[in-house]
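Working notes, beginning with the structure itself.
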Amino acid sequence: MTPMARLAGRTAVVTGASRGIGRGIAERLGRDGALVAVHYGNDGDAAAATVAAVEKDGGRAFAFRAELDRPDAVDVFYAALDRGLAGAGAGREVDILVNNAGASGSGRLHQLTPEVFDRLFAVNVKAPLFLVQRALDRFRDGGRIVNVSSLVSRNAYPESVTYSMTKGALDTMTLALAKELGPRGITVNTVAPGYVATDMNARHRTTPEAVAELAALSALGRVGTPQDIADVVAFLASDDARWITGQYLAAGGGTGL
Ligand code: NAP
């Protein structure tokens, strides 16, 4: 089987795929042959660029919008997804869900506000859980759920206490859902990136010295790229990973060794 055919006939939904890591994941799953549903929150132009990148590589994709910090997020999400699937001539079934969308920037303890706490938990924890719940009747047996966490869920990160708490909750969700959905052959795993150069943390890379310090965090001596993470997600989404579930896969180039 060619790599292109690996996910042929499957539908993959990637949240937060307009930019950064999510765009990298969408591009890779598109190259593997899946129809990719490119979710975004606000940046429709960026999502359209992701779709164009998938199509340029010979893949199929469409974009759809849902703001995940809104109370009606899950209803809006699936209504928009269904319009996109119908437009692509596909059924409502889903094979792969990558919970990648994430919000950061909570700050240290003294900077915290209840509003920021609620927004981060809404986007990073509540949305992934209820997106899975609502997808149960459309998930084909043998499906794949990949939750994008962060190394900060297992390392002290007081610089952004609420953000790291949300990722800890997401990790716990992976464990529970892996057991819950195992009888259907659906695997649920966590990928935990280390530092990856994206818009989310561009403020950390304003000087060459700062970039060098970030590169030194990894045993491999460079900062991560969205493609580094996308390839790990693609493995977990593939048939090769059928015997892996409930796991936390650190993808940080040996950060913290
Ligand atoms: P990014 O470049 O900031 O992109 C974030 C994505 O999430 C965008 O597509 C954005 O959509 C979407 N999003 C954010 N808030 C949203 C909301 N309220 N409603 C709907 N969509 C929303 O981030 P990234 O660095 O690629 O991060 C992707 C994931 O990796 C996140 O879960 C993050 O926590 C995790 N992670 C990142 C790093 C890193 O170093 N970058 C490290 C560890 C873990 P719009 O653009 O349309 O608003």
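The values are calculated or read from the model by the stated rules, or taken from the named source; none is laboratory data. All values derive from a computational prediction rather than experimental measurement. Glycine gets a Cβ as well: all are built from the backbone with ideal geometry, and neighbour counts include every protein chain shown. The accessibility values were calculated without ligands, DNA or RNA, using every heavy atom of the protein model including side chains. Shrake-Rupley method; radii C 1.70, N 1.55, O 1.52, S 1.80 Å.
Taking a straight line from the alpha carbon of LYS179, these aspartates and glutamates sit under 16 Å away, with near neighbours fewer than eight places off in the same chain left out: ASP141, ASP171.
Distance from the Cα centroid of segment 85-151 to that of segment 205-257 is 20 Å (rounded to whole angstrom).
Note down the net charge around LEU120, summing +1 for each Lys or Arg and -1 for each Asp or Glu among other residues with Cβ under 12 Å from its Cβ. Local net charge: 0. A 1.4 Å probe run over the protein chains yields, for segment 195-257, 59 Å² of accessible area per residue, whole-number rounding. Note on the chain: with a GNM built from Cα contacts shorter than 10 Å, the maximum mean-square fluctuation among VAL76, VAL38, VAL94 falls on VAL76.
Excluding same-chain neighbours fewer than eight residues apart, the lysines reachable from LYS126 by a Cα-Cα span under 16 Å are LYS167.
Couplings 3J(HN,Hα) for segment 110-125, derived from phi with the Karplus relation 6.51 cos²θ - 1.76 cosθ + 1.60 (θ = phi - 60°), are 6, 9, 5, 10, x, 5, 5, 4, 5, 5, 5, 5, 5, 7, 8, 10 Hz, where x marks Gly and Pro. Shown in residue order for segment 18-28 are the 3J(HN,Hα) couplings computed by the Karplus curve 6.51 cos²θ - 1.76 cosθ + 1.60 at θ = phi - 60°: 6, 8, x, 4, x, 5, x, 5, 4, 4, 5 Hz (x for Gly and Pro). In terms of accessible area, using a 1.4 Å probe and ignoring ligands and nucleic acids, LEU85, LEU217 rank largest first as LEU217, LEU85. Protection proxy ranking for 14-26, 44-56, using the average of other Cβ atoms within 10 Å per residue and placing the highest first: 14-26, 44-56.
A cut-off under 12 angstrom between Cβ atoms defines the neighbours of VAL36, and their net charge, with Lys, Arg +1 and Asp, Glu -1, is 0. When the chain is treated as a Gaussian network with alpha carbon springs shorter than 10 Å, the biggest mean-square fluctuation among GLU159, GLU180, GLU209 belongs to GLU209.
Rounded, prolate or oblate: which one fits segment 102-257, using the alpha carbon gyration tensor with axes a ≥ b ≥ c (rounded when a/c is under 1.5, else prolate when a/b beats b/c, else oblate)? It comes out oblate by the Cα gyration axes.
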